[in-house]
Amino acid sequence: MEQDLIDIGLSKNQREFLYKTVLKFPRNFVLLVAPPHEDVHKTSILLLKELSSLHPHKKIIILEKFKRCDLESASQLKIEQDRSYIDYLDSIVFRRPDIVYIDDVPDRKIINKIFESTHFFSLVISTFHASSACDAIAKFAAMGIPKRQLAEHLDFIISQRLLRKLCAGCLKVFDPVAKILKGIFVVSVKVLTTMA
């Protein structure tokens, strides 16, 4: 089943923001953030597909450890175990792509290389594991990346959380009884009064 940004739960306002800002050119660096064990790749793949349809003449290169994205209009490079991201980024610069997607930024050297390379590309999209946008910045600072460098190169951080979505067949409307609601309210009042 073909999905788009609506299918992953983005509101109309969020999609409009993406179209007016993130999906326009030129941009330096967009970071998609999600906690470990949450799949941020679906969002990045949908963003790449959207970019490809909005800008079919743009050259896209995808750099991944594991092939997750199947985008016909893009050149895809799988990172081999004996090579590093830096080797690939050096070779990508000579191809002069407009958009580069880099899967899971692992460490300071790679991030610095991405920052050095951003002036060669119109847009760099990457993923990073952190619990929030603020946590991502804190992790970058802990890696020793100067705040000035972050401010200069990082345009957007999109933080996501996955929520369970019930299918239409499983969904049941529930109208809680007033007694249950009153019980919940009383408990919360007791908690508030004991804390005061």
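For the range 76-98, what are the residues that are among the aromatic types (F, W, Y) and modelled with pLDDT under 80? Selection gives Y85, F94.
Scanning the range 67-79 for residues that are closer than 22 Å to F128 by Cα and either assigned to a helix (DSSP H, G or I) or touching a residue at least 12 places away in the same chain (Cβ under 8 Å) (or both) yields R68, C69, L71, A74, S75, Q76, L77, K78, I79.
Filter the range 29-66 down to the residues that are under 19 Å from Y88 (Cβ atoms) and in a loop (DSSP other than H, G, I, E, B) and list them by number. The answer is K59, K65, F66.
Restricting the range 114-135 to residues that are among the aliphatic types (A, V, I, L, M) and more than 11 Å from Y101 (Cα to Cα), which is surrounded by the most Cβ atoms within 10 Å (Cβ to Cβ)? Walk me through it before giving the result.
We begin by selecting, within the range 114-135, every residue among the aliphatic types (A, V, I, L, M); these are 114, 123-125, 130, 133.
Those left that are additionally more than 11 Å from Y101 (Cα to Cα): 130, 133.
Numbers: A130: 20, A133: 15.
This residue is A130.
With the condition kept exactly as written, say whether any residue in the range 48-62 is exposed (fewer than 15 other Cβ atoms within 10 Å of the Cβ) and either touching a residue at least 40 places away in the same chain (Cβ under 8 Å) or in contact with a strand residue (DSSP E or B) (Cβ under 6 Å, 6 or more places away or on another chain) (or both). Among the residues of the range 48-62, not one is exposed (fewer than 15 other Cβ atoms within 10 Å of the Cβ) and either touching a residue at least 40 places away in the same chain (Cβ under 8 Å) or in contact with a strand residue (DSSP E or B) (Cβ under 6 Å, 6 or more places away or on another chain) (or both), which makes the answer no.
Table: residues versus (1) under 12 Å from the mean Cα position of the chain (by Cα); (2) part of a helix (DSSP H, G or I).
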residue: A136; (1), (2): yes, yes
residue: R148; (1), (2): no, yes
residue: D155; (1), (2): no, no
residue: L171; (1), (2): no, no
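Report yes if S159 is modelled with pLDDT under 85 and within 21 Å of the chain's Cα centre (by Cα), otherwise no.
Yes, satisfied.
One residue alone among S73, S53, S117, S132 is at pLDDT 85 or above and of a type in the set (S, T, N, Q), and that residue is S132. Quick check: is even one residue across the range 34-50 modelled with pLDDT of 75 or more, more than 22 Å from A136 (Cα to Cα) and out of contact with any helix residue (DSSP H, G or I) (no Cβ under 7 Å at 6 or more places or on another chain)? Among the residues of the range 34-50, at least one is modelled with pLDDT of 75 or more, more than 22 Å from A136 (Cα to Cα) and out of contact with any helix residue (DSSP H, G or I) (no Cβ under 7 Å at 6 or more places or on another chain), which makes the answer yes. For the range 80-118, a residue qualifies if it is farther than 24 Å from L46 by Cα and assigned to a loop (DSSP other than H, G, I, E, B), and the qualifying residues are E80, Q81, D82, R83, S84, D107.
The values are calculated or read from the model by the stated rules, or taken from the named source; none is laboratory data. All values reported here derive from a predicted model rather than from experimental measurement. No Cβ is skipped: glycine too gets one built from the backbone with ideal geometry, and neighbour counts run over all protein chains shown.
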